[in-house]
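See below for the structure under consideration.
The values are calculated or read from the model by the stated rules, or taken from the named source; none is laboratory data. Everything numeric in this text was worked out from a predicted model, so none of it was measured. In this analysis, Cβ positions are derived from the backbone assuming ideal geometry, glycine residues included, and neighbour counts consider all displayed protein chains. Protein only, heavy atoms only, side chains kept; ligands, DNA and RNA dropped before computing areas. Shrake-Rupley method; radii C 1.70, N 1.55, O 1.52, S 1.80 Å.
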Amino acid sequence: MFLMRFTERAYVDYSEEDVRQSFRSAVRLTFPNTHFNPTLGADLYNTYLDEYEYAEEVGFDGLMLNEHHNTPTCMGAAMNLEAAILARTTKRAKIVLLGNPLPIFDNPLRLAEELAEIDMISRGRLVSGFVRGTGIESWATNTNPVYNRERFEEAHDLIIKTWTTPGPWRWEGKHYQFRVVNPFERPLQQPHPPVWIPGIGSPETLIWCARHHYPYIYLETDPQVTLDLTAIYTEAAKQVGYEPGPQNFGYLVRVHVQDTDEKAYEVGKGFLIGNAGVGRVPLPGDFMAPPGYNSREGAKRIVDQYRRYSLRPDPLYGGVDAAGWEKVVESNRVIVGNPDTVVRKLREVLSVVRPGILGVWTNDGTIGHEDTMRCLALMEHDVLPAVREMGKELGLPGPFEQAP
Amino acid sequence: MPEHAEHTIEVGGARIHYLKGGQGKPLVMLHGAEGGLGWRQYHEQLAESFTVYAPTCPGFGQSERPPWLESFTDLARFSLWLLDALDLPQVTLAGHFIGGWLAAEMAVMSPRTFDHLILIDAAGIQPQDGEIADVFLHGQEGTRQLAYFDPQQVAEYAELFQGKPSKEERDIQTRNQETLVRYCWKPYMFSPSLPGLLGRVHLPTLIIWGQDDRIVPLECGSLYQHALPNARLEIIPQCGNCPPLEKPTECVQLIRNFLT
């Protein structure tokens, strides 16, 4: 079992009313950046980096970062910079980038260079995840969403070839053309850093991952839906001649630990309160998925799958939050409690989903630094060792224990 | 009342849908960003004087899009093929919004194919002062709110936009939006070289603009007029981006006066 810690690094100083007053009442894309105070931003970036460093100390195997644009819900607009800092200030944990949104980059070679540097500075600890990005990323960078998947796949192919094929050579693709592909600095890990792909279950991406032997990290998907999605991956893997196991799958879930169930229940509410817009003010559907971003078949399949589960009736545009805190907690979609409670609940989830990678989203929104540090401290002795044992007992090897 | 009928024709390996009705000189009317909305009142009025062809651009509605056709420039080239396939060697070309832009690009590519050009609240030229409203960012509903000076004076508004669309209609709307994004995402709704290229288009040209167009500012009508050597600009008061739907009688009368 590979255990990684995650937070979206939210900006917190704005109100729901502020969100409602933005263009189309959106917390992402059009929420005015006049609401951002760089002085607070400076504190928050440093605090979040401190927390990641502490997450390594308490025993996490990985420090997971993500990237979004034009949003206070995630300050990781230039995730690779945070990764580069952690590459230098941490010593053991993998730096798991989930991930770089490939379609929005017009120069994937620059990305290949940045990631190679991070891999070398960290002495081979980079996990280089790639994503299509939400629709917001397409809007924010003016990348035509119709070509999102084509650009994702072509940029991926170009980066992998850049890392694995001696240069110089030439690339003449549909979306990218380069005369002389020959970045001098190559990654330390050979043939290249591991690639993991996070998502909410687009069938095309699952199949593509399976064909590449890339672990797929489910982002807070309903456990039952997750099983259906795993079946898609498994079928595709069998078609190319292998049987995937837990090492091929990850699962991200919000987990917040405090000394008592009561306190965790109260503090955990900050996940919802601070992430205004994630659930309380739904984003316009065409912001998250502009026309052409999803294939019509893929979009229908995702929506149909989720409609069977009432907790998340609008999976693309809302979130678990819309269901209400009590219901979210009851259904283990957010796990809060004292260490014993959290371990028990994680067992319930892991027994069903059976991932070899567990992403622990410890804090966000209005959950403050002090509560976060206490949460991480409690995990050190009372949660992470128990989950590791659970992983062994349930037969859930991670991708560094067994090749995906 | 002139009759009209639906047709399909194969062009460049794609089945293209079009409506045809009326009698007289041929006039091709290219649709706006919402795709072909069927045979409307303005078609009907035009068909009293002209043989009206209302094709659905590839990728919109029931018209297929060849997989290689991905740019607005290629859309213009393809649309010239369509006229060729329809055996229309000399024709009046009219277009609204993106259809106006398309008409302008076609006129640049092949001016001798046309006898007259009619541009109605046409995209295609970058405004110098204002902006072309981002119909993608506003979304379908928001764009419709911007598109009309007063929806209540659009006789066909309820029929077109207020009923609950069938599954088939929803699928077509989705397809139309995807196609629009494919052709028009970036640069958004204009071609940097178009004003320069229009200088060689000596066709008699009528430019019609809704005075209160909140999508393509009236300024763009003036820019078209300056760019085209033989153009005049007619402004329809109390009218938004879509004169053919919002002021069909005035719009058609201007066209009739221009062509007869």
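So which of A:Ala42, A:Ala26 is within 14 Å of chain B (Cβ to nearest Cβ) and not aromatic (Phe, Trp, Tyr)? Write out each step before concluding.
On the way: A:Ala42 fails: within 14 Å of chain B (Cβ to nearest Cβ).
When all the criteria are applied, what remains is A:Ala26.
Restricting to region A:215-234, name every residue that is over 13 Å from the mean Cα position of the chain (by Cα) and not acidic (Asp, Glu).
Taking region A:215-234 as the starting set, the residues that turn out to be over 13 Å from the mean Cα position of the chain (by Cα) are A:222-234.
Selection gives A:Pro223, A:Gln224, A:Val225, A:Thr226, A:Leu227, A:Leu229, A:Thr230, A:Ala231, A:Ile232, A:Tyr233, A:Thr234.
Quick check on A:Ala84: is it within 18 Å of the chain's Cα centre (by Cα), away from chain B (no Cβ under 14 Å) and either among the aliphatic types (A, V, I, L, M) or surrounded by 17 or more Cβ atoms within 10 Å (Cβ to Cβ) (or both)? Talk me through it step by step, then tell me what you get.
On the way: within 18 Å of the chain's Cα centre (by Cα): yes; away from chain B (no Cβ under 14 Å): yes; either among the aliphatic types (A, V, I, L, M) or surrounded by 17 or more Cβ atoms within 10 Å (Cβ to Cβ) (or both): yes.
So A:Ala84 fits the description; yes.
Which condition breaks for A:Asp364 when tested against (1) open to solvent by less than 30 Å² (accessible area, probe 1.4 Å); (2) modelled with pLDDT of 95 or more?
The failed condition is (2).
Can you pull out the strands (runs of 3 or more DSSP E) entirely within region B:1-104 that have at least 3 residues that are within 25 Å of B:Asp121 (Cβ to Cβ)?
Values: elements: B:4-11, B:14-22, B:25-30, B:50-55, B:91-96.
Per the criteria, B:14-22, B:25-30, B:50-55, B:91-96.
B:Asp115 fails exactly one of the following numbered conditions: (1) away from chain A (no Cβ under 14 Å); (2) part of a loop (DSSP other than H, G, I, E, B). What is the number of that condition?
It is condition (2) that B:Asp115 fails.
Does B:Phe149 meet the test of being open to solvent by less than 50 Å² (accessible area, probe 1.4 Å) and either modelled with pLDDT of 95 or more or more than 21 Å from B:Gly221 (Cα to Cα) (or both)? Full working, then the answer.
On the way: open to solvent by less than 50 Å² (accessible area, probe 1.4 Å): no; either modelled with pLDDT of 95 or more or more than 21 Å from B:Gly221 (Cα to Cα) (or both): yes.
So B:Phe149 fails the test.
Within region A:378-404, work out how many residues are assigned to a helix (DSSP H, G or I) and open to solvent by less than 30 Å² (accessible area, probe 1.4 Å). I'd like the intermediate steps shown before the answer.
Narrowing region A:378-404 to residues assigned to a helix (DSSP H, G or I): A:378-382, A:384-394.
Narrowing further to those that are open to solvent by less than 30 Å² (accessible area, probe 1.4 Å): A:378-379, A:384, A:387, A:390-391.
Number satisfying all stated conditions: 6.
Being within 14 Å of another protein chain (Cβ to nearest Cβ), outside any helix (DSSP H, G or I) and open to solvent by 30 Å² or more (accessible area, probe 1.4 Å): is that true of A:Pro282 here? Don't jump to the end; show me each part of the working.
Numbers: within 14 Å of another protein chain (Cβ to nearest Cβ): yes; outside any helix (DSSP H, G or I): yes; open to solvent by 30 Å² or more (accessible area, probe 1.4 Å): yes.
Considered against the rule, which asks whether it is within 14 Å of another protein chain (Cβ to nearest Cβ), outside any helix (DSSP H, G or I) and open to solvent by 30 Å² or more (accessible area, probe 1.4 Å), A:Pro282 comes out as yes.
Please enumerate the residues belonging to region B:153-181 that are away from every other protein chain (no Cβ under 14 Å), open to solvent by less than 60 Å² (accessible area, probe 1.4 Å) and free of Cβ contacts under 8 Å to residues at least 24 places away in the same chain.
Passing the criteria: B:Ala158, B:Phe161, B:Gly163, B:Pro165, B:Ser166.
What helices (runs of 4 or more DSSP H), lying completely within region A:134-225, carry at least 1 residues that are open to solvent by 20 Å² or more (accessible area, probe 1.4 Å) and free of Cβ contacts under 8 Å to residues at least 60 places away in the same chain?
Values: elements: A:135-141, A:148-164, A:203-212.
Result: A:148-164, A:203-212.
Tell me which residues, restricted to region A:137-191, are of a type in the set (A, V, I, L, M, F, W, C) and within 14 Å of chain B (Cβ to nearest Cβ). Break it down stepwise before answering.
Residues of region A:137-191 that are of a type in the set (A, V, I, L, M, F, W, C), as a first pass: A:139-140, A:146, A:152, A:155, A:158-160, A:163, A:169, A:171, A:178, A:180-181, A:184, A:188.
A:Trp139, A:Ala140, A:Val146 - these are the residues of region A:137-191 that are of a type in the set (A, V, I, L, M, F, W, C) and within 14 Å of chain B (Cβ to nearest Cβ).
Filter region B:186-211 down to residues that are under 22 Å from A:Asn142 (Cα atoms) and open to solvent by 10 Å² or more (accessible area, probe 1.4 Å) and give me whichever is farthest from the other protein chains (Cβ to nearest Cβ).
Ranking the candidates gives B:Ser193 first.
Between residues in region B:127-141 that are within 11 Å of chain A (Cβ to nearest Cβ) and residues that are surrounded by 13 or more Cβ atoms within 10 Å (Cβ to Cβ) and charged (D, E, K, R), which pairs lie under 6 Å by C-beta distance while being six or more apart or on different chains?
B:Gly139/A:Asp286
Considering B:Ala155, B:Ala104, B:Ala85, B:Ala133, which residue is closer than 21 Å to B:Val52 by Cβ and within 19 Å of the chain's Cα centre (by Cα)? Spell out the reasoning first.
Numbers: B:Ala155 fails: within 19 Å of the chain's Cα centre (by Cα); B:Ala85 fails: within 19 Å of the chain's Cα centre (by Cα); B:Ala133 fails: closer than 21 Å to B:Val52 by Cβ.
The match here is B:Ala104.
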